[in-house]
Amino acid sequence: MSNTVGTILMALVVPVGWGLLSAWLFDRWQAWRRQERMRREAHGDEASPEAAR
Amino acid sequence: MLVALGALGIGAAVGVLTGLFGVGGGFLITPLLNVLLGVPMPIAVGTGAMQILGVSAAGLYRRRHEGLTDYKVAVVVFGGNYVGVRLGAAVLASLGELGSMIVNGREVVAVDLILLVVFSVVLTGIALWIWIDARRRGGGEECEGLFARIHCPPYTEFPTLTHPRLSIVVMSYFGLALGFLTGLLGIGGGVVLVPALIYLVGMRAHQAAATSLALVALSSFVAVIVHAGVGNTDLGLVVPLLIGGSVGVQFGATLCDRCNGQQLKRSFALVVVGALLIVAGKLVALVT
């Protein structure tokens, strides 16, 4: 009986919990990648001769 | 030896279909292994999952530079998928404990009978879905997904979709349903997943095909671990299936270039009907 209740709870909670956590982590990761790209571009611009001029 | 040759043939034939239609072929492999080679249904399910893992991982690797795969959808759905696979495999194990039953005066293995019935229902549904869609629409152009109309917070954004704001709860239980099919029937879900991603999630056809590969690879990976853990896999069958499949898929891809979208959809519906007839034939033979 407790096994069945545990399985039902797992089926209800784990998917949504994972969905929330993974969506949040995925968004964080993409934001970090975007920031890194912008930072690299900014550094690249400073190093280019056009930016120096 | 004969069984290995049969598996090689089935792998090649399904490989052609994979190259032609872009599906993993699990919906064919599992019933064909059971009906043509006499492999017990639980072993056919686990072995089918192993074959799908190989095919989908290879497909994902080949498409890695196309930029069509929406990994966020695959990752968010994966939690539900994992639980679904475990539930499906648990139900399969419970069915296996039923032993045999008497139908029409004949002793029949209960799990084989029940899974063949479920397969018949799923294959009929898929065939009807594809056939009606091919008659209604030409290509597989964009459509608003059904999930975009369901309002159940919390939400998250999937930037590659036409309607990017979708409910996490809906997406999670969508994964659960797909995983259940994978665990119970050994189908990777590509045949169900591609239309589901188009009509329910609202993806473009090519994006759905690419994303389904990522999801199928993840869910079949879980299915392989779960089924291997209970001894439902047969490496002697998987190797010829994969060898045959890798040859067949090249031939199928060449054929694919010569067909248009509507021809492909209708031919695919016919293939599903063919598989349905084989399964129905086995069902009739079992109970009469």
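The values are calculated or read from the model by the stated rules, or taken from the named source; none is laboratory data. Because the structure is a prediction, the values reported are computed rather than measured. Please note: Cβ atoms are built from the backbone with ideal geometry, for glycine as well, and neighbour counts cover all protein chains shown. For accessibility, only protein heavy atoms count, side chains too; no ligands or nucleic acids. Shrake-Rupley method; radii C 1.70, N 1.55, O 1.52, S 1.80 Å.
Using only Cα atoms, figure out Rg for segment B:2-287 and give it as a multiple of 2.2 N^0.38 Å. It would help to have the intermediate numbers written out before the result.
Working: Rg = 18.3 Å, N = 286, 2.2 N^0.38 = 18.9 Å.
For segment B:2-287, the normalised Cα radius of gyration comes out at 0.97.
Where only protein heavy atoms count, and the probe is 1.4 Å, what is the accessible area per residue for segment B:2-287 in Å²?
Working: 11940 Å² over 286 residues.
On a per-residue basis, segment B:2-287 sits at 42 Å².
To the nearest 20 debye, what is the magnitude of the charge dipole of chain B about its Cα centre, counting +1 on the Cβ of each Lys and Arg and -1 on the Cβ of each Asp and Glu? Kindly include the intermediate steps, with their values, before the conclusion.
Values: 16 positive and 12 negative charges, 94 e Å.
That gives a dipole near 460 debye.
Trypsin sites (Lys or Arg not before Pro), restricted to segment B:1-93: which are DSSP loop and have at most 12 other Cβ atoms within 10 Å? Walk me through the numbers on the way to the answer.
Working: sites: B:R62, B:R63, B:R64, B:K72, B:R86; in loops: B:R63, B:R64.
In loop regions of segment B:1-93 (DSSP not H, G, I, E or B), the sparsely surrounded trypsin sites (Lys or Arg not before Pro) are B:R64.
Return one number: the angle in degrees, 0 to 90 and rounded to the nearest 10, between the long axis of the Cα atoms of helix B:26-37 and the longest principal axis of the Cα atoms of chain B.
10
For a quick check of understanding: with a 1.4 angstrom probe and all protein chains in place, what accessible area in square angstrom does B:L28 have, to the nearest ten?
10
Please list, by residue number, every one of the GluC sites (Glu not before Pro) in segment B:49-119 that is coil in DSSP and has at most 15 other beta-carbon atoms within 10 Å.
Numbers: sites: B:E66, B:E97, B:E107; in loops: B:E66, B:E97.
Those that pass, being in a loop and sparsely packed, are B:E66, B:E97.
If you place +1 on the Cβ of every Lys and Arg and -1 on the Cβ of every Asp and Glu, how big does the dipole about the Cα centre of the protein assembly as shown come out, in debye to the nearest 20? Walk me through the numbers on the way to the answer.
Details: 23 positive and 18 negative charges, 82 e Å.
Once rounded to the nearest 20, the dipole reads 400 debye.
What number in nm² do you get for segment B:53-131 if you take the convex hull of its Cα atoms and divide its surface by four?
Working: hull surface 32.6 nm².
So the mean shadow area of the Cα hull is 8.2 nm².
Taking only the C-alpha atoms, wrap a convex hull around the protein assembly as shown and report its volume per residue in Å³ as a whole number.
On the way: hull volume 59.5 nm³, N = 341.
Looking at the protein assembly as shown, the number lands at 174 Å³ per residue.
Which angle from 0 to 90°, rounded to the nearest 10, does the C-alpha axis of helix B:2-21 make with the longest principal axis of chain B?
Around 20 degrees separate the two axes.
Round to the nearest 10 and give me the degree value, 0 to 90, for the angle of helix B:168-185's Cα axis relative to the longest principal axis of chain B.
20
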